[in-house]
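The block underneath contains the structure these notes are about, expressed in structure tokens.
Computed from the coordinates by the stated procedures, all read-outs in this text should not be read as laboratory data. Nothing here was measured: the structure is a model prediction, and the numbers come from that model. For neighbour counting, all protein chains shown are included, and Cβ atoms are generated from backbone atoms with ideal geometry for every residue, glycine included.
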Amino acid sequence: MLTIYSDKHRLHHGTELKDGVLKPCFEMPGRADTVLQRIRTVGLGEVIAPDHFDVSAYARVHSERYVRFLQQAWANWQAMGRQHDALPLTWPVRDMRTDIEPIHIDGKLGFYAMDAGVPITAGTWEAVSTSADLALTGMSRINAGANAAFALCRPPGHHAATEYMGGYCYLNNAAIAAQGFIDRGAKRVAVLDVDYHHGNGTQTIFYDRSDVMFISLHGDPLHSYPYFLGHKDEQGRGEGLGFNHNYPLPHGTDWASYQPALQAACRQLIDYAPDALVVSLGVDTFKDDPISQFRLDNEDYLHMGALLASVGKPTLFVMEGGYMVDDIGINAVNVLQGFEGS
Ligand SMILES: [Zn+2]
């Protein structure tokens, strides 16, 4: 399988507020490095650099002012004489105004963020825009006839919505790629999100649409981040009603209880018959993941890949989460090898 990768992900590495302490993000450069190493070890296939895309491709699913904010945030932060990572600290919760964008950078950061897990550093924009380009390059290869491709995206994207960042995510790589398929003539695209955390950003972006189906298997938001979206009764709205499917699963879910949910999701994908499938591939469902609560084991990811192949559609894998760095390479590449039947 073709992999699209760039070293530029290393330009982004920041701190997050976690357990009441400011500490280095679990989402770190070693993650992508480990996956790339595993790809080379098993000889998965060619590894190519991304093509460059214009920001207008990102603005197909994000607002223009949000993309502009991401581009300018570090410069605005530095202009205040600040050197540490930019992090938000005030949010427009219920009953506050969200129709007026603040001018002060602290106001902007809160306006465009859902949490304090999205540091902006000097290299963040270059890393996140390159990450989106990896997904777009994979999309364009599949559009040109490839059966599958793997965009080794870092930072991940599925928590980022039209106008906000969150959970280590800035641009929604999977959504940008799904929209890219539509813009090149696809009638229907499906996004399947197997990351431990609900893909709130992707769901929100496509919630009113029937041309992009979104399905997510994840830790129940009653107990797991992102807490405020991902329940079973969220089924889409308007024209999108019936095209959004959530499978919230309890703590301790192992393959025996995960597999039937994934199989049900695959049946829905087969019924929908998309022209292309985008898989938001997070492997933080692993039993030793430091921030998640499922119990999938290394070999389960081979079975996951085989099930995804049974959908029988051209498939773009987009890297999302997975924080047990020692195993992220084995688990992610096991899905890809399982898909290829090797
Ligand atoms: Zn995750």
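Some values worked out for this structure:
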| quantity | calculated |
| --- | --- |
| Residue with peak Gaussian network fluctuation, the chain [Cα springs, cutoff 10 Å], from 224, 280, 56 | 56 |
| Segment residue 42-residue 251, extension gain: residue separation times 0.36 nm, minus the distance between their alpha carbons | 72.0 nm |
| Footprinting exposure proxy for 196, 225, 112 (fewest neighbouring C-beta atoms within 10 Å first) | 225, 112, 196 |
| Convex hull (Cα only) mean projected area of the chain, reported in nm² to one decimal | 15.7 |
| Segment residue 146-residue 79, extension gain: residue separation times 0.36 nm, minus the distance between their alpha carbons | 19.6 nm |
| Sequence of 104, 62, 13, 158 once ranked by neighbouring C-beta atoms within 10 Å, starting from the fewest | 104, 13, 62, 158 |
| Relative contact order for the stretch 224-342, counting Cα pairs under 8 Å that sit 6 or more residues apart, in percent | 25 |
| Which listed pairs, of 23/287; 108/232; 108/187, have C-alpha distances above 25 Å, in listed order | 108/232; 108/187 |
| The chain: angle of helix 124-143 to the longest principal axis, Cα-based, in degrees nearest 10 | 30 |
| Added length on full extension, which subtracts the Cα-Cα distance from 0.36 nm per residue, residue 72 to residue 104 | 10.3 nm |
| Residue order, fewest to most surrounding Cβ atoms within 10 angstrom, among 60, 31 | 60, 31 |
| Dipole axis of the chain (+1 Lys, Arg; -1 Asp, Glu on Cβ), positive-most option in 63, 261, 334 | 63 |
| Of all DSSP beta bridges in the chain, antiparallel share, percent nearest 5 | 20 |
| Simple label model, 7 Å out from Cα along Cβ direction - residue 51 to residue 288, nm | 4.0 |
| Residue 299-residue 10 pseudo-label distance in nm [points 7 Å out on the Cα-to-Cβ vector] | 3.6 |
| Over 12 Å [Cα-Cα, the stretch 235-283], rounded percent | 73 |
| Cα-centre dipole for the chain with unit charges at Cβ (Lys and Arg positive, Asp and Glu negative), debye to 20 | 440 |
| Within the stretch 233-302: Cβ-based charge dipole about Cα centre, in debye rounded to nearest 20 (Lys, Arg +1; Asp, Glu -1) | 140 |
| Within a Gaussian network of the chain (alpha carbon springs, distance under 10 Å), most fluctuating of 123, 219, 322 | 123 |
| P(r) weight above 26 Å for the stretch 220-342, C-alpha pairs, percent | 20 |
| Euclidean distance of C-alpha centroids, the stretch 129-176 and the stretch 197-228, integer Å | 16 |
| Straight-distance crosslink candidates among aspartates and glutamates, where the alpha carbon sits under 13 Å from residue 313 and sequence neighbours closer than 8 are dropped | 271, 275, 340 |
| Using alpha carbons only: equivalent-ellipsoid semi-axes of the stretch 70-209, gyration tensor based, whole Å | 29, 18, 12 |
